[in-house]
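The values are calculated or read from the model by the stated rules, or taken from the named source; none is laboratory data. Because the structure is predicted, anything quoted here is derived from the model rather than measured. With ideal geometry, Cβ positions are generated from the backbone for all residues, glycine too; neighbour counts draw on all protein chains shown. Side chains included, ligands, DNA and RNA excluded: accessible areas come from the protein's heavy atoms. Shrake-Rupley method; radii C 1.70, N 1.55, O 1.52, S 1.80 Å.
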Amino acid sequence: MNRILITGALGQLGVEFIKYFKNLNLFVLATDIRECKKDISCEFIQCDVLEKNKISDLVKKNKIDTIFHLVATLSAKGEEDPFKSWKLNIDSLQTIIKICIKNKIKNVFWPSSIAVFGTDSELENVPQNPVLNPSSIYGITKLAGEKLIEYYNQKFSLDIRSLRYPGIISMSSKPGGGTTDYVMEMIDSAKNKKKYRCFLSKKTELPMMLIDDAIQSAYQLMSAKKSCLSVSSSYNISSFSITPEILKKQILLNGFEIDVEFRPDFRQQIANSWPKKISDTKAKSDWGWKAKYNMEESIRKSLNF
Ligand code: SER
């Protein structure tokens, strides 16, 4: 992993991966369909990931050896236009895989999500291999993607690796259109002394993770010896779980004021089909995963960012 292409590089994860890799002195080429308006300290090309020939030329010209394919429409936004979500989430993955085969690139990181689970998945503490019955289009694309990477890894000897990320908490690069976004919205409201209307009910428990742990986990997985990996689709990964009510309590405990009104909308149904907790024993035993930040530290860090 020396010369890395990041697609969807201006999104929540991309911006942080760029910083992380630049600190390691690795070459990074960033692409995104959006215009880049700030200095991201690496080469940036504005282009659509579905433009296969253009991306393939970039890969060749820049001698890319690893791709972090981060393009995706998240869960809540995905429901606005499921056909478009499938096209972006799945066609882009297929495009990247074709580019890898053509350019003999084996190493790819592709984020999956807690959205692959569903109401039959033992949601109190979901194991690595439960029944998977996602109900959002986002979850369906992530499950299809997991199956595709297993298939292509086998068929073309690729080494695409993946994590089922929980909600990622990051204050410098915000997500957009996710069901777990309420955490950042509530924290922002507290910092700006604004009232917050929460779109999930008080007691909705979901797994979350601070961005630092999300980046570290991907790096650790991508650096692990292939012979240590026993999961060929996507690894469960966990840090802590939280409800809107507990988040509010943490905000108050940190000396901020916040007035929250709970008004669940369509996102409640998505959240109800996701795990409360995740068992990540495979990630721990196979490649030594351990989250660095617990709930209290993650919230404190985000409030003081
Ligand atoms: N954070 C994502 C979402 O809420 C879940 O992977 O859509």
- line: Filtering segment 250-305 down to residues that are aromatic (F, W, Y) and part of a loop (DSSP other than H, G, I, E, B) yields F256, F266, W274, W289, Y293, F305
- prompt: How many residues are within 16 Å of the ligand (Cβ to nearest atom), crowded, with 16+ Cβ neighbours inside 10 Å and among the charged types (D, E, K, R) if we restrict to segment 44-81?
  reply: 2
message: Pull out all pairs, ordered by first then second residue, where Cβ-Cβ is under 7 Å, the residues are six or more apart or on different chains, the first lies in segment 64-79 and is closer than 23 Å to V108 by Cα, and the second is within 12 Å of the ligand (Cβ to nearest atom) and β-branched (V, I, T).
response: S75/T179; S75/I270
query: Looking only at segment 83-109, which residues are open to solvent by 10 Å² or more (accessible area, probe 1.4 Å) and within 14 Å of the ligand (Cβ to nearest atom)?
result: L88
- prompt: Of S173, S112, which residue is open to solvent by less than 20 Å² (accessible area, probe 1.4 Å), part of a loop (DSSP other than H, G, I, E, B) and either farther than 21 Å from T7 by Cβ or within 16 Å of the ligand (Cβ to nearest atom) (or both)?
  reply: S173
task: Return the residue satisfying two criteria in turn: it lies in segment 155-170 and is in contact (Cβ under 8 Å) with a residue 24 or more places away in the chain and more than 15 Å from the ligand (Cβ to nearest atom), and of such residues it is surrounded by the most Cβ atoms within 10 Å (Cβ to Cβ).
output: I160
field: Residue ID - nearest to the chain's Cα centre (by Cα), chosen from residues in segment 115-137 that are open to solvent by less than 20 Å² (accessible area, probe 1.4 Å) and within 12 Å of the ligand (Cβ to nearest atom)
entry: A115
- request: Give the number of residues within segment 220-232 that are assigned to a helix (DSSP H, G or I) and either under 26 Å from V183 (Cα atoms) or not polar (S, T, N, Q) (or both).
  value: 5
query: When I215 is evaluated against the numbered criteria (1) under 14 Å from the mean Cα position of the chain (by Cα); (2) within 14 Å of the ligand (Cβ to nearest atom), which criterion, by number, is the only one it fails?
result: (2)
query: Here are S223, S201, S232, S238: which of them is more than 12 Å from the chain's Cα centre (by Cα) and modelled with pLDDT under 95?
result: S232
Residues that are open to solvent by less than 30 Å² (accessible area, probe 1.4 Å) and assigned to a helix (DSSP H, G or I), drawn from segment 233-249: P244, L247
- prompt: Can you tell me how many residues in segment 176-213 are among the β-branched types (V, I, T), open to solvent by less than 10 Å² (accessible area, probe 1.4 Å) and not in a loop (DSSP other than H, G, I, E, B)?
  reply: 2
field: Given (1) assigned to a loop (DSSP other than H, G, I, E, B); (2) open to solvent by less than 10 Å² (accessible area, probe 1.4 Å), index of the condition E146 fails
entry: (1)
